[in-house]
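Here is the structure we will look at, set down as structure tokens.
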Amino acid sequence: MENKKTYYITTPIYYPSDKLHIGHTYSTVAADAAARYKRLQGFDTFFLTGTDEHGQKIEDKAKEAGVTPKEYVDQIVAGIKDLWKLMNISNDKFIRTTDGYHEKAVQKIFQKMYDKGDIYKGYYEGLYCKPCESFWTETQAVGGVCPDCGRPVNPAREEAYFFRLSNYADRLVEYYESHPGFIEPQSRQNEMINNFIKPGLQDLCVSRSSFKWGIPVPVEPEHVIYVWLDALTNYITALGFGSEDDSLYRKFWPADVHLIGKDIIRFHTIYWPAFLMSLEEPLPEKVYGHGWVLLEGGKMSKSKGNVVDPVILAERYGVDALRYYLLREIAFGSDGVFSNENLINRINSDLANDLGNLLSRTVAMVEKYFGGTIPADRAAGDFDDALEAAAAQAKAQAEANLDALNFSVALTEIWKFVSRTNKYIDETAPWLLAKDPAQAPRLADVMYHLCESIRIISVLIAPFMPETAVKIRTQLGLAPVTDWAESGEFGKEATYTVQKGEIIFPRIDLEKELEALAQAQKAPENPLKEEIEGVAKIAYDDFAKVDLRVMKVLACEPVPKADKLLKLTLDDGTGAPRTVVSGIAKWYQPADLTGHSVIVVTNLEPRMLRGVESRGMVLSAEISKEEIKVLFADGIPAGSKLS
Ligand code: MSP
């Protein structure tokens, strides 16, 4: 065990800002196939995925939703974990950048770079929007106004911390040149050198002070650490780097491959290696930037409303069919087009026809001709050698292409063997052999060759379609595969006792299904109903913990420098005034509220909002994102409890 070879593979850590779609699923399924392959080969494998949870975008979305950033990400992260469970992703760890151990380690990393002189304090310059507290570049602030709120921006500069990225330009190019294969596909390397390094690397701003949702800079906690420094280091903090126990780090680092989308290659091949060089730690072996899953009309986008939901597809056709389609259809490294029609056609031809039929025909024949068990008396014949040679070829090709992360070519090669095995049935014509009792040994040999071929196929497809591999082997009377080497041993099993099972991939009626699928993919007819039905249920006991009371507004005033907030002084019936800050300034003037009674959640943890401690929350109804109405309870005595 000690000398077992290790394999460390990562996916990007995803932003939990929206639901993940088929493009994210593609990245993760690819990494999963590679990890499963290496595990089967006996590598001690560590497969990491996770979520990248800090930054202004999350802070803004949480604010919009009226929850804390942590509450906001928690619910989305739970959905991401469910998606990976559904897709049968075998990650060994799921890192969240809000995990305490990660936050501490990132601070240590920052401090180390700072102590070394690789991080220094300077000025961040740009066009500043005061109300939004945001910096913009000239190109973002078109017409000199803030792209968010439309108010004028002014040139400003702010103190910030910078990483001496410029010092690493030469070492980066040297590293790329002395490590062919570090960046793949290779063409991306030239893109990095010509587009980013040659024009001159600027030092990188690695802190922000315009928002709070991030890891505090250790030397100046009013600043938070730039999300990419926080995010990239997940690959080592997940292994315990910077913590008391870094045994996993010592075992698995450097990573064998960071699998990412092509849009984030720059971060992984310029920033990340430079950070590691600064830390004097080894660099990953490989950064592989795969292409995009596009739609016929171009990119998926939430605003176009054409985001493909993997859950709908997996539920209709099975997880393995979707995993197969994604890795077969798109040449890894290039962009590819997803379409419902292609998906269904592939399921029908490759899975139902080629693979599914091969299995069901074989099992049915072994049952019909031999009652389920292939006799030991077998006679070799024509076509056997060719089939065995094709099996060896399939294994070699699958291996070479999986090693190179050419998933689609690996599958194409495996399917050549599936077709070759189907052809063997035509060549040997078992139904004719069955007519002549003297041919029984030959027929037994043909059945044996078919079962052996299917067994080998089950091993070769196991990284891609783990459940299907198990289903196939169950019908062949075999335990789940545990060793890739099995795919190279034609003749491994002495005989087979088969058992007919369900059809592994039922044929789909293309036309009918296209319509039904389009219907299922349509935005919900009654979104409100869906929304209400989709709200997570809570136990009565949890609900009973919420204390709601009527309170009278004694005084109300704006909160300085916060144009959304009002400070309310309330009579809660106890005699001592209570302060609550509410984000309703856009809809109410102080005079609209003073003297009226409102409903307040009293037992929320107190929160500091712009320097004012808020003890509770005023209930209001959101009529739309643009219209909020406070629920008044005039005439009901202060302190009355709602039940
Ligand atoms: N949080 C960063 C990654 C930090 S890694 C240290 C991020 N997150 S993301 O959620 O926006 O994207 C994650 C990955 O999904 C990226 O590799 C991106 O390329 C990939 N994809 C997003 N849409 C995609 C497609 N339509 N097709 C293929 N991959 C796509 O970036």
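The values are calculated or read from the model by the stated rules, or taken from the named source; none is laboratory data. None of the values given here were measured: they were computed from a predicted structure. Glycine also receives a Cβ, built like all others from the backbone with ideal geometry; neighbour counts cover every protein chain displayed.
Data for the structure
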read-out: Count of the range 221-258 residues which are out of contact with any helix residue (DSSP H, G or I) (no Cβ under 7 Å at 6 or more places or on another chain), within 15 Å of residue 279 (Cβ to Cβ) and in a loop (DSSP other than H, G, I, E, B); value: 2
read-out: Residue tally, condition free of Cβ contacts under 8 Å to residues at least 60 places away in the same chain and within 8 Å of the ligand (Cβ to nearest atom), over the range 1-16; value: 1
read-out: Conditions (1) surrounded by 18 or more Cβ atoms within 10 Å (Cβ to Cβ); (2) among the aliphatic types (A, V, I, L, M); (3) part of a loop (DSSP other than H, G, I, E, B); number of the one not met by residue 379; value: (1)
read-out: Top-ranked residue in the range 233-258 [being buried (at least 24 other Cβ atoms within 10 Å of the Cβ) and hydrophobic (A, V, I, L, M, F, W, C); ranked as farthest from the ligand (Cβ to nearest atom)]; value: 239
read-out: Selection count where residues are among the hydroxyl-bearing types (Ser, Thr, Tyr) and outside any strand (DSSP E or B), scope the range 578-589; value: 1
read-out: Residue within the range 229-242 that is of a type outside the set (A, V, I, L, M, F, W, C) and in contact with a Cys (Cβ under 8 Å, 6 or more places away or on another chain) present; value: no
read-out: Hits in the range 143-157 (condition: assigned to a loop (DSSP other than H, G, I, E, B) and among the charged types (D, E, K, R)); value: 148, 151
read-out: Those residues of the range 464-520 which are among the aromatic types (Phe, Trp, Tyr), under 31 Å from the mean Cα position of the chain (by Cα) and more than 18 Å from residue 353 (Cβ to Cβ), in sequence order; value: 484
read-out: Verdict on residue 13 being under 20 Å from residue 228 (Cβ atoms) and in contact with an Asp or Glu (Cβ under 6 Å, 6 or more places away or on another chain); value: yes
read-out: Breaking point among (1) within 21 Å of residue 344 (Cα to Cα); (2) part of a helix (DSSP H, G or I), for residue 487; value: (1)
read-out: Residues of the range 314-341 satisfying the condition of being at negative phi and among the small types (Gly, Ala, Ser); value: 314, 321, 331, 334, 336, 339
read-out: Subset of the range 590-627 that is in a strand (DSSP E or B) and either exposed (fewer than 13 other Cβ atoms within 10 Å of the Cβ) or outside the structural domain of residue 580 (by TED's automatic domain parsing) (or both) - its residue that is farthest from the chain's Cα centre (by Cα); value: 613
read-out: The range 297-330, subset among the small types (Gly, Ala, Ser) and in contact (Cβ under 8 Å) with a residue 12 or more places away in the chain, residue farthest from residue 508 (Cα to Cα); value: 305
read-out: Top-ranked residue of the range 541-582 - restricted to ones that are acidic (Asp, Glu) and free of Cβ contacts under 8 Å to residues at least 60 places away in the same chain, ranked as surrounded by the fewest Cβ atoms within 10 Å (Cβ to Cβ); value: 541
read-out: Members of the range 25-48 found to be within 10 Å of the ligand (Cβ to nearest atom) and either crowded, with 21+ Cβ neighbours inside 10 Å or acidic (Asp, Glu) (or both), listed by number; value: 25, 26, 28, 30
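For (1) closer than 30 Å to residue 347 by Cα; (2) aromatic (Phe, Trp, Tyr), each residue gets a yes or a no:
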position	(1), (2)
228	no, yes
232	no, no
235	no, yes
239	no, no
251	no, no
305	yes, no
310	yes, no
